[in-house]
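What follows is calculated from the coordinates using simple rules that are stated; it is not laboratory data. For clarity, every value in this text was computed on a predicted model and none was experimentally measured. Ideal geometry is used to build each Cβ from the backbone, glycine not excepted, and the neighbour counts take in all protein chains shown.
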Amino acid sequence: MMDMKTFISQMLTPGTVPCTIFGAVLGVIFAVLCLTIGAGKALLIGLFCLIGAFIGGVKDKAGFVRKVILFFHRDGSDRYE
């Protein structure tokens with residue numbers, strides 16, 4: 001039996017059994033939410049969960065947002081070179 005720290009570490013590592021179980025549980029939760037309250041409301045709940053995770057989990061929020069904007073902002077000048 002593994003300890004809790006190892007289990008959580010493996011739960012967030014793609015390709016491991018705990019990660020597969022975690023993904024399946026998230027899928028079941030989302031499916032139940034979609035069936036009971038509707039897909040739109042379930043997506044709104046997911047959006048607010050992502051916003052909460054961003055607020056609580058990202059230390060340098062301005063830098064993170066800047067990197068995301070730079071990732072999606074492409075001027076297209078090097079597209080056909």
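Annotations for the structure displayed:
- Quarter the surface of the alpha carbon convex hull of region 11-56 and you get the mean projected area, 3.5 square nanometres.
- Label point at Lys61 placed 7 Å out along Cα→Cβ; residues across region 28-50 whose backbone nitrogen lies under 16 Å: 48-50
- Pairwise Cα inverse-distance average, inverted: Kirkwood Rh of the chain (Å): 16.1 Å
- R0 of 35 Å, Cβ-Cβ distance Met2-Leu43: FRET efficiency to nearest 0.05: 0.55
- Treating r as the C-beta distance of Ala31 and Ala53 and R0 as 22 Å, the FRET efficiency rounds to 0.60.
- Helix-only CD estimate at 222 nm, as mean residue ellipticity for the chain, using -39500 (n - 2.57) per DSSP H run (n ≥ 4): -24000 deg cm²/dmol
- Highest GNM mean-square fluctuation among Leu35, Leu70, Leu12, for the chain modelled with Cα contacts below 10 Å: Leu70.
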